[in-house]
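Worksheet: one structure, shown below.
The numbers here are math on the coordinates, done by the rules we state, and not lab data. Computed from a predicted structure; not experimentally measured. A quick note on method: Cβ atoms are made from the backbone with ideal geometry, for glycine too, and the neighbour counts reach across all protein chains shown.
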Amino acid sequence: MPIHDRLADVPPTAGRHLARVPVTVDLNGHEIAVWTHVLRGARPGPTLALLSGVHGNEWGHIEFLARFVREFEPDEVGGTVLVVPTANPSALGALTRAVPDDADQPDVNRSFPGEGRKFTWLAEQIAAALASEVVARADAILDFHLGIWGATMGSSIVGVDYTDPLVNRRCMDLALVFGTPLIFASRVVGAFPGPRSLLGYAAEKAGVPVSGSMLGGTGFERPLEAAWQASNLRGIRNVMRHLGMVDGDPELPDRYLRYATVERVNPRTGGLLVPARHGDEFGRPVQAGEILGTVISPYSLEVIEELVVPMDGYLAYWARDYPVHPGDWAFGVIPGDHPGTEHLVRTAETIAPWG
């Protein structure tokens, strides 16, 4: 397969193509580039972008995206899929969340183009390349974030505070049609993860509907990881059906739990995290005072912290036993009595047709 230096150089012919989008050259002389798989269908249609690996310690997506690329059949598809399996190669190389440098702005997912500044930090250069080469070509975007090793996440995330009401609706439709039963409906521009995240930039600045998948993790039993990967693949195909790129109806749950905030129940001390349940369930009801896990000192071997459910609600994400620093990922609880927490029953009118 020939490798093209720019997405603009990729031929319009149906099939699988590969482009290496240059970003810059590092101190060691190695080129930093964004590798993009361009999958062209045999018929005209929209362009769906799949971006993952913006954080270098979230690498569980690589296997299912590789499978998606291998299984792509041009004759069955109308339109183009742009697959960026590793959006932040510098962070992946160090297995760190952010670019490993002394920048004021090391997190690529907080560095997309904003107002009134030049984009000179490495993270900003990577984000600017993604914005100009990938986001600018997309009609819809899926942004993948999975749990780091030892931790899971279990929802989709979608913005609800974009200026354009149509963009708001289309973003929510992408989240619903992806099919994960938990949906974190966040003020992504005014709150989390912010206007310079991919979610904030793509929908608010570029006007491209986007939804994030935060489903899965690594370091767990193989059947669990395989099920999470299968759910992400099904979600991609659901969105392609929604966009009219492939035939068929999306495979969707009957009910969703949509929520506006989540309470992190993470350790304030370092040690060995030991969950109370080995293997848990996204969205299960939890009660205030329930112990989700403990932190054991690697030195005294005593329990030095209990991780306790702060209020009645639902479990958003969980972890296995693994060594943690203060503040590392462990558990998340969706408050049951928050006005933004609601069960949504899917009906024929829940999701609007694309177009």
Distance histogram for region 59-120 (every C-alpha pair counted, 10 angstrom bins, percent rounded to whole numbers):
17, 36, 26, 18, 3
For Leu224 paired with Glu31, estimate the spin-label separation in nm (one decimal), with each label point 7 Å from Cα along the Cα-to-Cβ line.
4.1 nm
Scan the chain and hand back the longest stretch that contains none of the GluC sites (Glu not before Pro) lying in DSSP loops with at most 13 other Cβ atoms within 10 Å.
1-114
How large is the Rg to Rh ratio of the chain when both quantities use alpha carbon positions and Rh follows Kirkwood?
0.97
Based on the Cβ-Cβ distance of Ala42 and Ala348, what FRET efficiency does E = 1/(1 + (r/R0)^6) give at R0 = 41 Å, to the nearest 0.05?
0.85
Farthest positive-ward along the chain dipole, Cα basis, beta-carbon charges - from Ala129, Gly313, Ala87
Ala129
Suppose every Lys and Arg Cβ carries +1 and every Asp and Glu Cβ carries -1, with no other charges. What dipole size does region 142-211 come out with about its Cα centre, to the nearest 20 debye?
60 debye
Given charges at beta-carbon only (K, R positive; D, E negative), |dipole| of region 264-334 in Debye
140 debye
Test of the criteria: in region 59-119, which trypsin sites (Lys or Arg not before Pro) are in a DSSP loop and have at most 13 other Cβ atoms within 10 angstrom of their Cβ?
Arg117, Lys118
According to the Kirkwood expression over distinct Cα-Cα pairs, how big is the hydrodynamic radius of region 196-355, in Å?
18.2 Å
Its Cα gyration tensor gives region 264-334 an equivalent ellipsoid whose semi-axes in whole Å, largest first, are 21, 11, 10
In Å, the Kirkwood estimate of hydrodynamic radius for region 130-209 over Cα pairs equals 12.9 Å
Loop sites in region 258-326: trypsin sites (Lys or Arg not before Pro), DSSP, at most 16 other Cβ within 10 Å:
Arg268, Arg277
With +1 on each Lys and Arg Cβ and -1 on each Asp and Glu Cβ, and nothing else charged, work out how big the dipole of the chain is about its Cα centre, in Debye to the nearest 20.
620 debye
Counting every Cα pair in region 38-79, what percent are over 13 Å apart?
60 percent
